[in-house]
1. Give segment A:36-59 a look and list any residue that's among the polar types (S, T, N, Q) and within 22 Å of A:TYR97 (Cα to Cα), or say none.
2. Can you run down the residue pairs with Cβ atoms below 8 Å, 6 or more apart or on separate chains, where the first is in segment B:75-103 and within 18 Å of A:LEU85 (Cα to Cα) and the partner is of a type in the set (S, T, N, Q) and more than 16 Å from DNA strand D (Cβ to nearest atom)?
3. When A:TYR97 is evaluated against the numbered criteria (1) touching a Pro at 6+ places or on another chain (Cβ under 6 Å); (2) within 24 Å of A:ARG37 (Cβ to Cβ), which criterion, by number, is the only one it fails?
4. Of all residues in segment A:65-87, which are closer than 17 Å to B:TYR103 by Cα and part of a strand (DSSP E or B)?
5. If you take the residues of segment B:61-82 that are within 16 Å of DNA strand C (Cβ to nearest atom) and within 14 Å of chain A (Cβ to nearest Cβ), which of them is nearest to B:ASP33 (Cα to Cα)?
6. Residues in segment A:25-46: is at least one touching an Asp or Glu at 6+ places or on another chain (Cβ under 9 Å) and under 22 Å from B:MET18 (Cβ atoms)?
7. Take the residues of segment A:102-119 that are surrounded by 17 or more Cβ atoms within 10 Å (Cβ to Cβ) and at pLDDT below 95: which is nearest to the other protein chains (Cβ to nearest Cβ)?
8. Determine if segment B:107-118 includes at least one residue that is within 11 Å of the chain's Cα centre (by Cα) and over 30 Å from A:ASP84 (Cβ atoms).
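The values are calculated or read from the model by the stated rules, or taken from the named source; none is laboratory data. Note that this is a predicted model, so its numbers are computed, not measured. Note that each Cβ is placed from the backbone with ideal geometry, even for glycine, and that neighbours are counted across all protein chains shown.
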2 protein chains.
Amino acid sequence: MDCNCNAYHCPVDTTLNMIGGKYKALILWHLTDKTLRFGELRKLIPQATPKMLTQQLRELEENHLINRTVFPVVPPRVDYCLSDLGISIRPILEAIYTWGTDYLNQNGLEASCSMTFSS
Amino acid sequence: MDCNCNAYHCPVDTTLNMIGGKYKALILWHLTDKTLRFGELRKLIPQATPKMLTQQLRELEENHLINRTVFPVVPPRVDYCLSDLGISIRPILEAIYTWGTDYLNQNGLEASCSMTFSS
DNA sequence: CTTCTTAGTATCCTTTTGGGTACTATGTTA
DNA sequence: TAACATAGTACCCAAAAGGATACTAAGAAG
């Protein structure tokens, strides 16, 4: 229905829509420095059901933030890794992470979610 | 039910929850350099119904990103402005805005939403 | 022929988010 | 005494997001 080819787009909404999904930031973080298989991501993010994990991965792929590589073998093997676009978004994630950590610390809360940025 | 006082918190989720609401980034942006009344925000963000605008403003206030000042006059007058915390989050908004703008331009889309950051 | 493995799907459900329309309170102004 | 202005509320509804559980395909291994 909506092509939106000639519409105006809000850059902030665009960005937030791309990283705002339930497990998207976490997935991008885990893929920062390595390629992971679906099963490895499941173990790293056990709170996500397979349905949710698949859904989030597909959306990240549609937005070209990650690459999905299917190997035609049995049992199946599918690799996920960051695309160049995915790599380019990392500074934003780090800025968000740093602000959030400061905010939590200033409120006496423990900041942690297995999402620690190594610099 | 959930106090979460002793829980671990993900800094990225924390930050995204605070700025991820439908009109929150836009509200923060409009308040960047000035105090605005409710009615002024309505005119600046006409696509938000009064219910939604109120809701988003209340959540921003609960998160201490903005200050709400009620003047006991008739007709009512309520002022909104950024708190120090709200001011501190602006660099993140700018980073998100810049990345989103580049992304849209590289995809041949017009980036705009009356949310242009003056530097 | 049965079991194992992996990367998902299918189905159904609950919760959250967003939205439309109409209504309210109340002192001031005409 | 009736209309006006402002900052909302109330109520009801639709859509989107998230979640639980069970199931599937298909070759390889035993």
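1. A:GLN47, A:GLN56
2. Partner pairs satisfying both residue conditions: B:TRP99/A:SER88.
3. Of the numbered conditions (1) touching a Pro at 6+ places or on another chain (Cβ under 6 Å); (2) within 24 Å of A:ARG37 (Cβ to Cβ), the odd one out for A:TYR97 is (2).
4. Of everything in segment A:65-87, those that are closer than 17 Å to B:TYR103 by Cα and part of a strand (DSSP E or B) turn out to be A:ILE66, A:LEU82.
5. Here the residue is B:LEU65.
6. yes
7. Ranking the candidates gives A:CYS113 first.
8. Checked against the condition, which is being within 11 Å of the chain's Cα centre (by Cα) and over 30 Å from A:ASP84 (Cβ atoms), segment B:107-118 yields no hits at all.
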